[in-house]
Amino acid sequence: MKYFSKAMIGLDLTEMDDILIEKTIVFLKFLGIDKCYFVHVAKNLAIPQEILDSHPELLAPSDESIEAMITEKLKNFNFPDHIEIEVFAEEGENQLETFLRWARIKDVDLVIMGRKETLEGNGSLAKGIAKKAPCSILMLQEKRPPGLPKKIMVPTDFSDHTELIYNFSERICDDLHAELVPVHLYQVPHGYSKTGKTFEEFSEIMKENANKDFKKFLHKNNHRDLDCHFVLNEDHDEGKLLLDEAHKIGADMILLGSRGRTKSAAILLGSVAEKLVMVNNVLPMLIFKKKGETVGFFEALFRI
């Protein structure tokens with residue numbers, strides 16, 4: 001099944017590029033990608049001295065030199081010949097704005113970014129893109145071995161918003177013959193003690209209620225019967241709780257959806273998803289966003 005046609009892959013001219021290219025190749029066929037834009041965005045495209053020392057033949061203008069380096073790297077990785085490729089280097093004072101502008105210009109369906117675990121870098125560009133990109137984002141982590149997922153965790157809250165990502169998750173899991181594991185965070189209300197019940201007793205009540213909501217969600221939307229994992233949130237960081245649960249269940253990918261402030265702002269991440277992006281640099285993560293937002297709204301994102 002074809003999920004995405006055009007993908008933009010962000011490169012930073014570090015060792016992470018090799019890792020990202022190798023892992024991207026694994027996903028190309030499954031995701032249905034037939035065109036890849038490889039882009040490097042920097043405030044200054046001057047080639048670092050250490051690269052010039054290693055490649056004294058680089059005498060062309062820096063953007064052309066960088067594009068040539070990336071193109072040669074793709075050849076070394078035997079990037080599939082049937083995939084159309086375009087490579088470009090761009091200079092921009094605001095790297096995030098420049099990258100997102102090109103994502104809109106090229107009308108890409110998917111942005112692929114790397115997340116570093118031990119390599120130098122804070123991942124601020126990748127996090128910003130995850131928050132504001134006008135399309136879906138696939139984040140591939142440094143240390144995770146290349147490969148398609150077999151157990152996919154989907155954070156869910158049983159809302160209408162969840163329906164979109166749930167449908168997408170089921171399609172992906174069917175195609176991959178992978179296991180789909182819904183996960184829901186629930187809390188005990190602060191006034192529980194007034195009921196005369198203990199924290200543990202009211203926690204069980206909230207869990208049972210959440211399970212009923214989950215069953216209603218499945219029945220209302222004609223989904224298959226699955227077991228949802230319920231995680232008690234005792235005022236902890238939701239992102240870390242979800243990541244911990246992913247490790248506990250042995251998930252090898254997290255799939256989540258964007259959640260806008262309004263229906264017209266559906267390309268923005270919700271607060272829980274944003275926290276998960278912040279803490280997760282160990283598991284591949286696909287953030288599904290529905291394309292088709294207006295240019296005016298997209299431009300307004302840069303003022304947020």
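The values are calculated or read from the model by the stated rules, or taken from the named source; none is laboratory data. Fair warning: this is a prediction, and the values are worked out from it, not measured in the lab. Note: ideal-geometry Cβ built from the backbone for every residue, glycine included; neighbour counts use all protein chains shown.
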Count - residues of segment 202-243 that are under 19 Å from I165 (Cα atoms) and of a type in the set (A, V, I, L, M, F, W, C) = 9
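Residue-wise test of (1) in a loop (DSSP other than H, G, I, E, B); (2) assigned by TED's automatic domain parsing to the domain that holds V272; (3) surrounded by fewer than 16 Cβ atoms within 10 Å (Cβ to Cβ); (4) out of contact with any Gly (no Cβ under 7 Å at 6 or more places or on another chain).
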| residue | (1), (2), (3), (4) |
| --- | --- |
| V188 | yes, yes, no, yes |
| K194 | no, yes, yes, yes |
| K197 | yes, yes, yes, yes |
| F202 | no, yes, no, yes |
| N209 | no, yes, yes, yes |
| F214 | no, yes, no, yes |
| L218 | no, yes, no, yes |
May I ask you to list pairs of residues, at least six apart or on different chains, whose Cβ atoms are under 9 Å apart, with the first in segment 149-171 being farther than 21 Å from I249 by Cβ and the second being assigned to a strand (DSSP E or B)?
-> H161/G257; L164/G257; L164/F288
Filter segment 71-118 for residues that are under 18 Å from F4 (Cα atoms) and of a type in the set (V, I, T); which is surrounded by the fewest Cβ atoms within 10 Å (Cβ to Cβ)?
-> I105
State all residues of segment 25-46 that are modelled with pLDDT of 90 or more and farther than 21 Å from C173 by Cβ; if no residue qualifies, say none.
-> I25, D34, K35, C36, Y37, F38, V39, H40, V41
Within segment 103-132, the residues that are in contact with a strand residue (DSSP E or B) (Cβ under 6 Å, 6 or more places away or on another chain) and farther than 25 Å from G270 by Cβ are K106
Please go through segment 20-29 and pick out each residue that is over 26 Å from R101 (Cβ atoms) and buried (at least 16 other Cβ atoms within 10 Å of the Cβ).
-> I25
Which of the residues spanning segment 224-252 are touching a strand residue (DSSP E or B) at 6+ places or on another chain (Cβ under 8 Å), on the phi > 0 side of the Ramachandran plot and at pLDDT below 95?
-> none
Checked against (1) over 16 Å from the mean Cα position of the chain (by Cα); (2) under 18 Å from F168 (Cα atoms); (3) part of a loop (DSSP other than H, G, I, E, B), Y3 satisfies every condition except (1)
Go through I152, I137 for me and flag whichever is of a type in the set (A, V, I, L, M) and either over 22 Å from the mean Cα position of the chain (by Cα) or within 30 Å of R101 (Cβ to Cβ) (or both).
-> I137
Residue set L301, L255; condition under 21 Å from M113 (Cα atoms), at pLDDT below 70, of a type outside the set (D, E, K, R) and not assigned by TED's automatic domain parsing to the domain that holds G121; output residue L301
Can you spot a residue in segment 177-186 that is in the same structural domain as L255 (by TED's automatic domain parsing) and assigned to a loop (DSSP other than H, G, I, E, B)?
-> yes
Could you list, in sequence order, the residues of segment 1-17 that are surrounded by fewer than 14 Cβ atoms within 10 Å (Cβ to Cβ) and either of a type outside the set (D, E, K, R) or under 20 Å from G128 (Cα atoms) (or both)?
-> M1
